[in-house]
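**Student:** This is the structure I have questions about; it appears just below.
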Amino acid sequence: MMESLTIGDFAARSGVAASALRYYEREGLIRSTRTAGNQRRYARAELRRVAFIKIAQQVGVSLDEIREALAELPDERTPTKADWARLSAHWRGRLEERIVLMQRLRDQLTGCIGCGCLSLQRCNLINPADRLAARGTGPQMIVNPPSPSA
């Protein structure tokens, strides 16, 4: 029989709280078996599924999308390197968008919260009469900056 881990050992090994593991299980993202005493036991292979979930979330993939991706695997097996390559290629565009947004945020963080700056005096110069409101809600200078030719 394959060695299995208690929820405490699995949480320690995966770096994910036991409460999150129970949630992942309820959501169908990971599986466990039960002992005669109804205690959860996780196969070591489930560690790879949790690692997959954690990385995909860090890329910005929703749990619904992760669930769909894992459901596509034959016999609900653990993702392989080839699976990750295929799925991550699908998510690459989203990651690239996040990288651009994070770089923009990094570059403007000290002087801008999105409207142009943290100073009401300066905002009157960069965003008089709240003209950025016409471009949409939220921090427009960060998420929807003007084109370089504007």
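The numbers here are math on the coordinates, done by the rules we state, and not lab data. Here the structure is a predicted model, which means the values were calculated and not measured. For neighbour counting, all protein chains shown are included, and Cβ atoms are generated from backbone atoms with ideal geometry for every residue, glycine included.
**Student:** Sort out for me the Cα centre separation of region 1-45 from region 59-94, rounded to whole Å.
**Tutor:** Measuring centre to centre over Cα atoms gives 20 Å.
**Student:** Hey, another quick one. Taking the simple approach of a point 7 Å from Cα along Cα-to-Cβ for both Gln58 and Asn144, what is their distance in nm?
**Tutor:** Rounded to a tenth, the inter-label distance reads 3.1 nm.
**Student:** State, as an integer percentage, the relative contact order of region 4-92 based on alpha-carbon contacts under 8 Å between residues 6 or more apart.
**Tutor:** Taking the mean separation of contacting Cα pairs over the length of region 4-92, I get 25 percent.
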